[in-house]
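Undergrad: Handing you this structure, nothing more for now.
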Amino acid sequence: TMWHEDRNEMLQMLKAVMRLDFDQAVQRIAKVKFGDDSKYFELEVNIFFDDAYEQGDTDAEDDRAVNRFVEQLIEVMKEAATQVTGKNDIIEPPAIVPTPYGGKLIWNMPTGYNRLIAHVKDKNLIRHRKRWSQCMYMYYLLGYRLDARKDLSKTRRNKIANNTFVLALDGDINFQPSAVHMVVDLMKKNHKLGAACGRIHPIGSGPVVWYQKFEYAVGHWLQKATEHVFGCVLCSPGCFSLFRARAIMSKSVMHKYTTKPQEAIHYVQYDQGEDRWLCTLMLQQGWRIEYSAASDSFTHAPESFGEFYTQRRRWAPSTTANIIDLLANYR
């Protein structure tokens, strides 16, 4: 999911997914030439870009154009491909497709095997914010692309859903392909596992980031490790988490996750900490969540106190609301 990330944040994320593209190509060669498919996977990258349009010179509904952040994404795409491959002009300009929610930009990634699709959302046409982007890609990737297929038997669909994973990322995340393999390995070992997360490292400069480095260390070394040993992790963070398609596709998870908030507690629980609520819904259906300390990813942390306070003002009430929800259903 992406919103108004700056140039460097976009660059880090795009380089990370392009490294994953190259890793997939290596696994493809290993499968075709040597018959080793132990780490082979199919890959598609989708970016859901929130609030991506701005009004033109007139007030007309059709006088809207993509904003500077989308233009920045297009520019940074070339730079990321050059830095990862060492070659200029290796990535072609995107195909542009109009859609009912705005439009989409489709690139062929540097290896030529995989696609990167940026869905640019017009908030005048479709609900914005991160949770609704997640609902959109869940219904698109898992509902429309998988569950609605008439050419597959129910058994075959269930098997595919059990081995299809959504790697949820924020627009500023950085990671190596090995971090993905670590969480996929957890999924392979336990088919009751609905989600898996790795260790998140905050990056940035200044006293506010220094504090967060300490806080994240405590949160992972002590809290998540303890949850993992005692029972299971309560929250798989949305900036880098792997979700099993079959766990999300349960009606009690996916359908409920699309609930519009109507009461005060709903606004706190549903929209202010969407990743924690998704995990709460999976836990209530009996799915497990685990933590891999060896899977490292890096996210840009708030550097000013105001930005930090705004973030925690969302996280703290949401955490409390979800824990109360879990305790209320402890039986």
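Undergrad: Full-extension gain between residue 135 and residue 61, please, as 0.36 nm times their residue separation minus the C-alpha to C-alpha distance. Mind showing how you got there, number by number?
TA: Details: separation 74, 0.36 × 74 = 26.64 nm, distance 2.56 nm.
My answer for the length gained is 24.1 nm.
Undergrad: Suppose only helical runs count, i.e. DSSP H with n ≥ 4. What mean residue ellipticity at 222 nm does that imply for the chain under -39500 (n - 2.57) per run, divided by all residues and rounded to the nearest 500 deg cm²/dmol?
TA: Details: 11 runs with 142 residues, N = 331.
Result for the chain, helices only: -13500 deg cm²/dmol.
Undergrad: Calculate, axis by axis, the spread of Cα positions in the range 41-191 along the three principal axes, and write the results as whole Å, longest axis first.
TA: 56, 40, 26
Undergrad: A further question follows. Ignoring ligands, DNA and RNA, what percent of the 1.4 Å accessible area of the chain is carbon and sulfur?
TA: On the way: 9340 of 17320 Å².
That fraction is 54 percent.
Undergrad: Would you mind checking the pairs 39/159; 159/192; 121/251; 15/123 and listing those with alpha carbons more than 20 angstrom apart?
TA: Numbers: 39/159 18 Å; 159/192 13 Å; 121/251 26 Å; 15/123 28 Å.
Listed pairs above 20 Å: 121/251; 15/123.
Undergrad: Treating the range 242-331 as a set of equal point scatterers at the Cα positions, no solvent, please give the Debye-formula log₁₀ I(q)/I(0) at q = 0.25 Å⁻¹.
TA: -1.29
Undergrad: Taking the solvent-accessible surface of protein heavy atoms with a 1.4 Å probe, what is the per residue accessible area of the range 1-130 in Å²?
TA: Each residue of the range 1-130 exposes 55 Å² on average to a 1.4 Å probe.
Undergrad: Express the accessible area of the range 223-331 per residue in Å², computed with a 1.4 Å probe while the remaining protein chains stay in the model.
TA: 50
Undergrad: Per the Debye formula with a single identical scatterer at each Cα and no solvent contribution, what log10 I(q)/I(0) holds for the range 219-262 at q = 0.17, 0.25, 0.27 Å⁻¹?
TA: For the requested q values the scattering log ratios are -0.67, -0.95, -0.98.
Undergrad: Could you work out the percent of alpha carbon pairs in the range 2-111 separated by over 16 Å, rounded to a whole number?
TA: Details: 3928 of 5995 pairs.
Within the range 2-111, distances greater than 16 Å cover 66 percent of Cα pairs.
Undergrad: Cα-Cα pairs above 20 Å in the range 148-234: how many percent?
TA: Numbers: 1982 of 3741 pairs.
Summing the P(r) of the range 148-234 above 20 Å gives 53 percent of all pairs.
Undergrad: Next question. Along each principal axis of its Cα atoms, how long is the chain end to end? Whole angstroms, biggest number first, please.
TA: Largest first, the chain extends 57, 55, 47 Å along its Cα principal axes.
The values are calculated or read from the model by the stated rules, or taken from the named source; none is laboratory data. This one's a predicted model, so the numbers in the text were calculated from it and none came from an experiment. The area values use the complete protein model at the heavy-atom level, side chains included, leaving out ligands, DNA and RNA. Shrake-Rupley method; radii C 1.70, N 1.55, O 1.52, S 1.80 Å.
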